[in-house]
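What follows is a single structure, written as structure tokens, with notes after it.
The values are calculated or read from the model by the stated rules, or taken from the named source; none is laboratory data. As the structure is a prediction and not an experimental result, all values here were calculated from the model. Here the Cβ positions follow ideal geometry from the backbone for every residue, glycine too, while neighbour counts run over all protein chains shown. Accessible surface areas use protein heavy atoms only, side chains included; no ligands, DNA or RNA. Shrake-Rupley method; radii C 1.70, N 1.55, O 1.52, S 1.80 Å.
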Number of protein chains: 4
Amino acid sequence: MTQVEIGRGKSGRRAYSLDEIGLVPSRRTRDPEEVSIAWQIDAYRFELPLVVCPMDSVVSPRTAIEIGRLGGLAVIDLEGLWTRYEDPEPLLAEIAELDEPAATLRLQAIYSEPIKEELIGRRIEEIRGAGVTTAARLSPQRTVRYYKTVIDAGVDIFVIRGTTVSAEHVSGQAEPLNLKRFIYELDVPVIVGGCATHTAALHLMRTGAAGVLAGFGGGSGHTTAAVLGVAVPMATVIADVAAARRDYLDESGGRYVHVLADGGMTRSGDITKAVACGADAVMVGSPFARAAQAPGRGYHWGSEAHHPELPRGARVKVGTIGTLEQILHGPSTVADGSMNLMGALRRSMATAGYSDLKEFQRVEVVVAPSSRPRG
Amino acid sequence: MTQVEIGRGKSGRRAYSLDEIGLVPSRRTRDPEEVSIAWQIDAYRFELPLVVCPMDSVVSPRTAIEIGRLGGLAVIDLEGLWTRYEDPEPLLAEIAELDEPAATLRLQAIYSEPIKEELIGRRIEEIRGAGVTTAARLSPQRTVRYYKTVIDAGVDIFVIRGTTVSAEHVSGQAEPLNLKRFIYELDVPVIVGGCATHTAALHLMRTGAAGVLAGFGGGSGHTTAAVLGVAVPMATVIADVAAARRDYLDESGGRYVHVLADGGMTRSGDITKAVACGADAVMVGSPFARAAQAPGRGYHWGSEAHHPELPRGARVKVGTIGTLEQILHGPSTVADGSMNLMGALRRSMATAGYSDLKEFQRVEVVVAPSSRPRG
Amino acid sequence: MTQVEIGRGKSGRRAYSLDEIGLVPSRRTRDPEEVSIAWQIDAYRFELPLVVCPMDSVVSPRTAIEIGRLGGLAVIDLEGLWTRYEDPEPLLAEIAELDEPAATLRLQAIYSEPIKEELIGRRIEEIRGAGVTTAARLSPQRTVRYYKTVIDAGVDIFVIRGTTVSAEHVSGQAEPLNLKRFIYELDVPVIVGGCATHTAALHLMRTGAAGVLAGFGGGSGHTTAAVLGVAVPMATVIADVAAARRDYLDESGGRYVHVLADGGMTRSGDITKAVACGADAVMVGSPFARAAQAPGRGYHWGSEAHHPELPRGARVKVGTIGTLEQILHGPSTVADGSMNLMGALRRSMATAGYSDLKEFQRVEVVVAPSSRPRG
Amino acid sequence: MTQVEIGRGKSGRRAYSLDEIGLVPSRRTRDPEEVSIAWQIDAYRFELPLVVCPMDSVVSPRTAIEIGRLGGLAVIDLEGLWTRYEDPEPLLAEIAELDEPAATLRLQAIYSEPIKEELIGRRIEEIRGAGVTTAARLSPQRTVRYYKTVIDAGVDIFVIRGTTVSAEHVSGQAEPLNLKRFIYELDVPVIVGGCATHTAALHLMRTGAAGVLAGFGGGSGHTTAAVLGVAVPMATVIADVAAARRDYLDESGGRYVHVLADGGMTRSGDITKAVACGADAVMVGSPFARAAQAPGRGYHWGSEAHHPELPRGARVKVGTIGTLEQILHGPSTVADGSMNLMGALRRSMATAGYSDLKEFQRVEVVVAPSSRPRG
């Protein structure tokens, strides 16, 4: 690891963003049609290595079902509008009409409505009823309180997601969530995160999780770096967490914990680079906020945008560019990497000469700040 | 230290700004409520590690009192409008109305009014009368002339602040301030600076100062780099001065001189990074110019902006976003790191897994130019 | 090679763009008139080391002839409008009138018209009939199907060009093009590419090609980095492929395969730097889209802009600045490096003290991100 | 020297611009009034280390006289408007009125007027008549033809200036200027350049020159990097040429050749950094184009902007901000480093703790891309 001296007595490692790297084709090329991008976690097999973020602007019961039918996995946020309101549609419509200066204040008010336990079960059942794999998210703070309802409703994959989730939360006030005990006792596979380092990831893997979120998540408008100063660029995060996967594989005698890159990926090129750094799958939000079916109606925000005390993100206008199917599978009518995400992944792998995701994790990369993508 | 060859025979060290680094969470997390951000210098204990800059756009007797009551420490500038004018309010109002091209010229004229010695005492007494810790600033050039008045008025903490203050000022014209003699003879604790290097800081520490300002200060609109070419980025400055603190602690057999980061910090993320680099507290200006109570009425300027011969800063429009209390303690209604500064510091420490400021100085950082904060 | 650690277990080489380097004059200077920029590949000698890209916005039969008469070599695209339509002029006129949001969609429709085999021969004959060296391009996918027609029509130089062309294409569906067999059996010299690495270039050289395209090509509005994540900056690509040329020269006992830099060069300074990195000639598009005679009428696009499923480029407005002759040979009336490209090359070589292209490949360079050209 | 591998077989040195460095104060400070910035070259002593560029937008006989009286040295361009036209004022007025697109074309036409030999003598005499040190410039190409006239008119300092001037110009057409013979035979001191490397500078020093121009000159709107690809950032150039000065001092047994930094310095901070890198004096243009007395009337251009075949610069609008005296000596009414250049130099030296220019060449610097000056 390259340690850089910041000043006497304080050094840091140079860390890289996905924007700073580029993929290098090998000496082979392939037909895109012959490339497999299938992904399997636990007993669940997906045609696509794509998990859609638990964000109200993107995942509603209806879009979760449609994304499932298109080959991906959508995660519904059990602490969002769908469990706070019987019918969130009028509120989603209102959010899309808010004027800028007051938007944060109104978001804070809308999300101050308490969560209704009965809605948790109902939302899961709505998705499950359509026959697609059902995934739902709670924060670590609310997992203890609501997880039974979630399990009883028949969730397939349980997602515990916060900006930073550690296997060792220290709290003097309440009994904190003991992730290790909790996950081992649960019957369903758990995906947990975010985390940003080899050590933190290794500890999460030891809890028995099926997958770990690498990164801090956050909508594309998040401002964690400005507000908290916390920032680790994604290329380095993914590579470090993937290294933890290899180390844990050895330590555990063969348990393969999936690494899901989670944070700031908005273009298909970001997705291909995430896999190149070692991700098994990606968790993506904002590209789907641009779908005609998106609940956000052309706007996008994450849960950090309505924090009552310290919002760390904004509602951003992303516009509407096509259907969910087009955004996933094309045909694309734009050239900026926001449509036909999966076709782009296939073509990138074919151009570089790889035939499946596991192989593609080994593609050569260059560090090239100058080739920060346009568009 | 990484020496970079600029050309044959001229090398320099690579130095880093706070924008180029990011904090890395450890494998633990904590509850923000259980984090302590208290700070003590000499006999004075503060709930917050926050000193507000001696700038007329920010600190008046009234705001000094309010900041004190909110847990921080405000420093009044004894060479600003409050000691030049009986009633500066009309001038503050006028400054906020100035049109751009002529603003510098008019500032120069307003500040050409002589300092009135009787006002020095009166301003200190106004603040002291409210029962909060009282701090006041003079430049090194005027310290000899006015310090008795300052002491007699009952100041608690004496601040000697210039762009660069050295323990060894060479002058053939007048008897220069002998900092070492001066500070040792004084009964009140002195905070002195700025300085930018390990050596300069060590010399200032040997004067007996209670605290040293690390950085060149300067309002957020300062142009020292463009005008003088003098520039050392803050992450490196803080880390170097913190190293001087450790070296002096050893050399002096246990005297702990506080390091106050002073310069260009405008967002809460800058404050968390300053502590991560080794600061004990931060001296901050511009975020408070955005308070409803700020004397600057939405404008901000430092003393370098009205230098009669060589202004090195501008009056910048910063707008008004909330009350002093909100800016310090929230709740925040914006997402750019300019509100709830202390809540953000607590949360950053909790996310990273640390429970007090001294521990948090050891948090891991990455060098990540790509994650220059947005917003 | 400098390997940079991106994260644990993933490293990459630092790669450089032409924008990041600058040429350093030697201790000699020369008269520009005494500099030779002649270039010879196989039996064909050109006054200029300049090949114009097979792009519909730039090369029509008419401009191919004119570029040939001016000393360069233009390559006609046999999969563009001129082989899909008897008379493409109305379509070219329409493309120049398209409004932005729908432009990609309409381009996709226009290019969905099938290629007419009889037009392939006719276009080649039109150029050949004028007595200039004739070059034409097919993609690897269509080479097997059409090459006989191309040869029969009397092409002088055969160009096989795709984003990435490998000597080892893996396909289970159809018999892929075996480049090695194909090129050795052909009577005319072949230029093939793009490629981006030493290894890929070496394999292409072993096919018997007369020239290799170094780079991924792409119009100046291409978005390969954003869509596929594939990106290797040009200075590094050219230097690596030039090294393959040297290695193959030794391996083959004396066969000199020409390296043509192909990608993103829009100013004369880019061309001089490409030669400095080791290119024998350059393949350039966008500067010629700015000619009064350009078929694109002030617009520019590459074949990647009309991909039916995954467009990776846009039609960009480049404007019209002068005649083809002025753009090549001046006099220039603009100062941004877009006119008198060959005069600039001569003057750069003279200023740096070199007298022919082969010598100029050895000119000293500096890595200087700060001197990214203006204009 | 840090060699960076660009690609296999091509390496380059990392070179730095003045924008990438910052000056670091020492542990001393001084009074600005006690700092000396006097400069002496050959028998000529100046109060200021400042030479004003031979550019028509800046130096006329009238401004040359005024700059001389203010303590600096202005160089008149003997190939500019003042030797082509009896009365250039109407043309200067016209240039200031030109509309953008046609400006270059009209500049080319205006400067196509032949040089009148009788005007060369007359301009020199006009300046000399006022009693100030007189300096005049020719290009290497015209030096042989006109130098006698220049000497006869009584020039004090002879300046031979081109983008790149080498001691070894190779030409088959005409007898090139033999700098070594020419300079040794001349009675007046010669300043010659530009040059960008240690070797080229050393060769120029061996010609007997009194001073060498380090850099490529060029107005602030020059586009040499975009047009020719030639670019070496100034901090590295100055440090390398200063090293050649030291080496030549030893080689020659004590001849001290002055290094004049020449290129792209627009703010006072650039000037202080140039000295810090080793310059004895600076040659500056654009700041003086902003003077009320400037012939350019708020516009600025260099000779490269009207090259008949290959213009490499533009006429840029710089505006008018004050008198020549204010720009040199203040008082300044702006904060961006464009006024009171010499006061800023003094203050920078005082802040950093140095008392004369020779000492200040040793000031510590940091490499800090992040502190690229604002304003």
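For the protein assembly as shown, what is the mean residue ellipticity at 222 nm derived from helices alone (per DSSP H run of n ≥ 4: -39500 (n - 2.57); sum divided by total residues; nearest 500 deg cm²/dmol)?
Computed ellipticity for the protein assembly as shown at 222 nm equals -9500 deg cm²/dmol.
In this assembly of identical copies, the label point of D:ARG122 (Cα plus 7 Å along Cα-to-Cβ) is separated from its counterparts by 6.8, 6.8, 9.6 nm, sorted shortest first. Annotation: amide H-H contacts under 5 Å for B:ALA231 (H modelled 1.01 Å from N, sequence separation of 5 or more, or interchain): D:LEU23.
Ranking B:THR63, C:VAL190, B:ILE321 by Cα position along the charge dipole of the protein assembly as shown, where only Lys, Arg, Asp and Glu carry charges on their C-beta atoms, puts C:VAL190 farthest toward the positive end.
In this Cβ point-charge picture (+1 for Lys and Arg, -1 for Asp and Glu), region B:1-158 has a dipole of about 960 debye about its Cα centre.
What fraction of the DSSP beta bridges in the protein assembly as shown is antiparallel, stated in percent and rounded to the nearest 5?
Working: 53 of 189 bridges.
Taking every DSSP beta bridge within the protein assembly as shown, about 30 percent pair in antiparallel fashion.
Straight-line cross-link partners of C:LYS116 among the lysines, defined as a Cα under 25 Å from its Cα and at least 8 positions apart when in the same chain: C:LYS148. Figure legend: label point modelled 7 angstrom from the Cα of B:GLU117 along Cα→Cβ; no residues of region B:160-203 have amide N under 13 Å from it.
Shortest first and in nm to one decimal, what separations exist between C:GLU185 and its copies in the other chains, measuring from label points 7 Å along the Cα-to-beta-carbon line? Label-point separations across copies, in nm and ascending: 7.2, 7.2, 10.2. Across region A:283-291, rounded Karplus estimates of 3J(HN,Hα) from the backbone phi angles (6.51 cos²θ - 1.76 cosθ + 1.60, θ = phi - 60°) give 9, 10, x, 4, x, 8, 5, 8, 7 Hz, Gly and Pro being marked x. The mean number of partner chain beta-carbon atoms within 10 angstrom of a residue's beta-carbon across peptide B:310-316 is 6. Between B:LEU202, B:LEU341, B:LEU98, the Gaussian network model of chain B with springs among Cα atoms under 10 angstrom shows the greatest mean-square fluctuation at B:LEU98. Centre-to-centre, using Cα atoms only, region A:310-375 and region B:293-309 are separated by 47 Å. Annotation: aspartates and glutamates with alpha-carbon distance below 16 angstrom to B:LYS10 (same-chain offsets under eight excluded): D:ASP19, D:GLU20, D:ASP240, D:ASP247, D:ASP280, D:GLU359, D:GLU364.
For chain A, a Gaussian network of Cα nodes joined below 10 Å ranks A:PRO295, A:PRO331, A:PRO32 by mean-square fluctuation, and the top entry is A:PRO331.
Simple spin-label estimate for C:ASP187 and C:GLU97 gives 4.6 nm between the two label positions (7 Å along the Cα-to-Cβ direction from each Cα). Using the Cβ-Cβ distance between A:ALA109 and B:THR323 with R0 set to 30 Å, the FRET efficiency works out to roughly 0.95.
Accessible area lost on pairing B with A, both sides, 1.4 Å probe, Å² to nearest 100? Don't skip to the answer; put the middle values down first.
On the way: alone 16660 and 16670 Å², together 28970 Å².
Its buried surface, counting both partners, is about 4400 Å².
Size descriptor for chain A, Kirkwood hydrodynamic radius: 20.9 Å (Cα pairs only, one decimal).
Between identical copies, the spacing of C:ALA96 label points, each set 7 Å from Cα toward the C-beta atom, reads 4.0, 4.0, 5.7 nm from nearest to farthest. Closest approach to the axis carrying A onto D, counted by Cβ on chain A and given in whole Å with its residue, is A:PRO369, 6. In region A:226-251, burial by the other protein chains removes 50 Å² or more of accessible area from A:ALA226, A:VAL227, A:LEU228, A:GLY229, A:VAL230, A:ALA231, compared with the chain on its own (1.4 Å probe, ligands and nucleic acids ignored). Couplings 3J(HN,Hα) of region B:229-240, computed from phi: x, 7, 6, 10, x, 5, 4, 5, 4, 4, 4, 5 Hz, in residue order, whole Hz [Karplus 6.51 cos²θ - 1.76 cosθ + 1.60, θ = phi - 60°; x for Gly and Pro]. Contact order for chain D, expressed relative to its length and based on alpha carbon pairs under 8 Å spaced 6+ residues apart, stands at 24 percent.
Can you give the alpha-carbon Rg of region B:1-66 over 2.2 N^0.38 Å, where N counts its residues?
On the way: Rg = 20.3 Å, N = 66, 2.2 N^0.38 = 10.8 Å.
Computed over Cα atoms of region B:1-66, the ratio equals 1.88.
Rg of the Cα atoms in region B:286-375, relative to 2.2 N^0.38 Å, amounts to 1.36.
Between C:GLU125 and C:GLN173, the modelled labels are 3.4 nm apart [label points 7 Å from Cα along Cα→Cβ]. Only Cα sites of region D:51-140 enter the Debye sum here, all with the same form factor; the resulting log10 I(q)/I(0) across q = 0.15, 0.22, 0.24 1/Å is -0.57, -1.07, -1.20, listed in q order.
Taking all Cα-Cα distances within the protein assembly as shown, those exceeding 61 Å account for 21%. Counting only Cβ charges, +1 for Lys and Arg and -1 for Asp and Glu, the dipole size of region B:257-335 around its Cα centre is about 320 debye. Choose one answer from B:ASP262, B:ASP187, B:ASP356: the residue with the largest mean-square fluctuation in a GNM of chain B with alpha-carbon springs under 10 Å. Looking only at B:ASP262, B:ASP187, B:ASP356, the biggest GNM fluctuation is shown by B:ASP187. Evaluating 6.51 cos²θ - 1.76 cosθ + 1.60 at θ = phi - 60° for every residue in region D:341-354, the Karplus couplings come out as 4, 7, x, 5, 4, 4, 5, 4, 5, 5, 4, 7, x, 10 Hz, glycine and proline recorded as x.
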